[in-house]
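Q: This is the structure I have questions about; it appears just below.
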Amino acid sequence: MRAAGVLLALAVALAAQTTIAGLTLQGATAVNLVLVAVVYVALAFGPVTGLLAGSAGGLAQDALAGGIVGIGGLTKTLVGFLVGVLGMQFIVSQSLPRFVMFIGATLVHELIFHALYALAETRPFSMQYSTTFTQAVVNGLIGTVAFQIVERGPELLQRRAARRASYGRRRF
Amino acid sequence: LRPSVSTPTLAAEVIAGSANPGMMTVTIDRGSADGILADMAVLAPKGVVGRIVAPLAAHAARVQLIIDRNAAAGALTERTRAGGMIVGSTGDPPLRMELVSNLSDVKPGDRVIASGVDGIYPKGFTIGYVESSERGHGLYRSITVRPAVDFSSLEDVLVVLVPPRPATPEEVPATPGEGVK
């Protein structure tokens, strides 16, 4: 059940990322939804699930986007595992620590990704810092909101249903 | 755009972007079933967009944009015909013109066009405009180029239906009957 949920989350993230990039290229560079899904899974389920989700999501992203297949996979595997370990060591049940975790994960991901590309292609390391920081903040916001929706969504729906039921009883 | 292009072309629509923010690619709704091959050039009304990259699907193909960091094209400046190579970068503007001699006359505002030497992009199509041109430390100038095409709102493109020119004579396919005695 958990595996199916993780795979579904990755598939939705990939589809959404491709759709956003098809609409606007600037929007595509401003967010990495697959990374958001990997960090979410790592924080929610731990380092092993994060590692496996990172590996699967990264490889799928590499295969669909072009470039060297495996670099994105390796990067997300490392990020998924690291976030999972940190999530078990520290209390990350509040929004702010989660936001910081998403930002940190994005920065580490971009650093490793560009460093691996520089190594593989024997070219100088180059990274556009403004784009990276923008992406980190946007990823952080989306990840934090996703946690809020998943954790508090069912509770809010239950409350709303209960309120409607009590309103109905009072009326009739 | 089509009447202004003398080579045979095929119109295509951009249907998806890249799954990875680090890779500048888009997917178009034409593929191998429409006669598209890898390394064919892709154009927009304002200039060069990129090239088709393998593998191709029957009704879809991936286009590597010229601003991708792995992309490159032979180029020259329209005013002084200074030749060089356009490469994608992660900076702003996202194109650099390399291998242009320090002795060449290249100024900001110069139009950069495809030189055709790469065998992929047809000669004469606009790539972009020089944004900065400074004397480099070595033999070559440091030139940045602003692309002519607005890649953030790419909708319809033309695929040039001319197979890419082989890079080496060994890659030239043998004509029928050649070598048969």
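The values are calculated or read from the model by the stated rules, or taken from the named source; none is laboratory data. Note that the structure is a prediction, hence the values are computed from the model and not measured. Please note: Cβ atoms are built from the backbone with ideal geometry, for glycine as well, and neighbour counts cover all protein chains shown.
Q: Is it the case that some residue within segment A:70-82 is assigned to a helix (DSSP H, G or I), within 28 Å of residue B:154 (Cβ to Cβ), facing chain B (nearest Cβ under 10 Å) and not polar (S, T, N, Q)?
A: yes
Q: Right, next: Kindly provide the set of residues from segment B:3-57 that are under 19 Å from residue B:118 (Cβ atoms), of a type in the set (Ser, Thr, Tyr) and crowded, with 16+ Cβ neighbours inside 10 Å, ordered by number.
A: B:9, B:25
Q: Evaluate segment B:71-94: report whether one residue or more is surrounded by 22 or more Cβ atoms within 10 Å (Cβ to Cβ), among the hydroxyl-bearing types (Ser, Thr, Tyr), within 14 Å of chain A (Cβ to nearest Cβ) and closer than 27 Å to residue A:112 by Cβ.
A: No, there is no match, as no residue in segment B:71-94 is surrounded by 22 or more Cβ atoms within 10 Å (Cβ to Cβ), among the hydroxyl-bearing types (Ser, Thr, Tyr), within 14 Å of chain A (Cβ to nearest Cβ) and closer than 27 Å to residue A:112 by Cβ.
Q: With the checklist (1) at pLDDT 90 or above; (2) away from chain A (no Cβ under 14 Å); (3) within 16 Å of residue B:39 (Cα to Cα) in hand, flag the one item residue B:64 doesn't pass.
A: Tallying (1) at pLDDT 90 or above; (2) away from chain A (no Cβ under 14 Å); (3) within 16 Å of residue B:39 (Cα to Cα), residue B:64 fails exactly one: (2).
Q: Go through (1) assigned to a strand (DSSP E or B); (2) away from chain A (no Cβ under 11 Å) and name the single condition residue B:15 misses.
A: So the condition that residue B:15 fails would be (2).
Q: Answer with yes or no whether residue B:93 is at pLDDT below 90 and in contact with a strand residue (DSSP E or B) (Cβ under 7 Å, 6 or more places away or on another chain).
A: yes
Q: If you take the residues in segment A:1-45 that are more than 14 Å from chain B (Cβ to nearest Cβ) and surrounded by fewer than 17 Cβ atoms within 10 Å (Cβ to Cβ), which one is modelled with the lowest pLDDT?
A: Of everything passing the filter in segment A:1-45, A:1 is modelled with the lowest pLDDT.
Q: Answer yes or no: is there a residue in segment B:97-104 that is in contact (Cβ under 8 Å) with a residue 60 or more places away in the chain and more than 30 Å from residue A:58 (Cβ to Cβ).
A: For segment B:97-104, residues in contact (Cβ under 8 Å) with a residue 60 or more places away in the chain and more than 30 Å from residue A:58 (Cβ to Cβ): absent.
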